[in-house]
Amino acid sequence: MTSRSVSVAVVAAGCLLLAACGSGDTEPVSVPTASPAATEGETAAAADVCAARDDLRESVDALAEVDVVAGGTDAVGAALGEIRADLADVRAAAGSDVQDEVTALEESLDGLEAALAGTDGPAGQLLTAVAEVVTSGGVLVQELQSLPCD
């Protein structure tokens, strides 16, 4: 619930309480129940989250399409950098609303970075780490999908 919604609820409750405490000689008080329209700040914030979500989706999709054999670890590293930048934008725009999903993606990115650094390890570790990033990135994007962006 936003602070504006809480404020409206408190004012409405206060009006009802005052109406209940009044004398019986007056007409009943009616409290409007219309929900407040989104402010410009709330609309801009939602637009920021939606833009960050779309950028993250594109970065995760790009990582999923990397041909590790043809592009090598440089291609994976470039995609990793893009996802980290887009994740920072999501965190800044969405705040704590999706903190668990953000943390899961960060952990997957750390695992991918470690797999990239460990060039002595089997290629399967790198592919597994890529798959984990794609999965956790998809979960975060799906969670952000519920936002009204139109």
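Could you count how many residues in region 86-122 are touching a residue at least 12 places away in the same chain (Cβ under 8 Å) and either touching a strand residue (DSSP E or B) at 6+ places or on another chain (Cβ under 8 Å) or of a type outside the set (Val, Ile, Thr) (or both)?
The total comes to 19.
Among the residues in region 73-85, are any hydroxyl-bearing (Ser, Thr, Tyr) and out of contact with any helix residue (DSSP H, G or I) (no Cβ under 7 Å at 6 or more places or on another chain)?
No, that holds for no residue.
How many residues does region 118-144 contain that are outside any loop (DSSP other than H, G, I, E, B) and either at pLDDT below 90 or touching a helix residue (DSSP H, G or I) at 6+ places or on another chain (Cβ under 7 Å) (or both)?
Number of matching residues: 18.
Taking the conditions exactly as written (over 16 Å from CYS50 (Cβ atoms), among the aliphatic types (A, V, I, L, M) and free of Cβ contacts under 8 Å to residues at least 24 places away in the same chain), does ALA79 satisfy them or not?
Against the criterion (over 16 Å from CYS50 (Cβ atoms), among the aliphatic types (A, V, I, L, M) and free of Cβ contacts under 8 Å to residues at least 24 places away in the same chain), ALA79 qualifies.
Is it the case, given these coordinates, that ALA129 is closer than 17 Å to ALA64 by Cβ and open to solvent by less than 50 Å² (accessible area, probe 1.4 Å)?
For ALA129, the condition - closer than 17 Å to ALA64 by Cβ and open to solvent by less than 50 Å² (accessible area, probe 1.4 Å) - is met.
Residues are listed down the side, and each one gets a yes or a no for (1) at pLDDT 95 or above; (2) within 11 Å of the chain's Cα centre (by Cα); (3) surrounded by 15 or more Cβ atoms within 10 Å (Cβ to Cβ):
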{"residue": "CYS50", "(1), (2), (3)": "no, yes, yes"}
{"residue": "ASP55", "(1), (2), (3)": "yes, no, yes"}
{"residue": "GLU58", "(1), (2), (3)": "yes, no, no"}
{"residue": "ASP61", "(1), (2), (3)": "yes, no, no"}
{"residue": "ALA70", "(1), (2), (3)": "no, no, no"}
{"residue": "ASP74", "(1), (2), (3)": "no, no, no"}
{"residue": "ALA79", "(1), (2), (3)": "yes, no, yes"}
{"residue": "GLU82", "(1), (2), (3)": "yes, no, yes"}
{"residue": "ALA85", "(1), (2), (3)": "yes, no, no"}
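The values are calculated or read from the model by the stated rules, or taken from the named source; none is laboratory data. Everything numeric in this text was worked out from a predicted model, so none of it was measured. Neighbour counts run over all protein chains shown; Cβ positions are idealised from the backbone, glycine included. Just the protein is used for accessible areas: all its heavy atoms, side chains included, with ligands, DNA and RNA removed. Shrake-Rupley method; radii C 1.70, N 1.55, O 1.52, S 1.80 Å.
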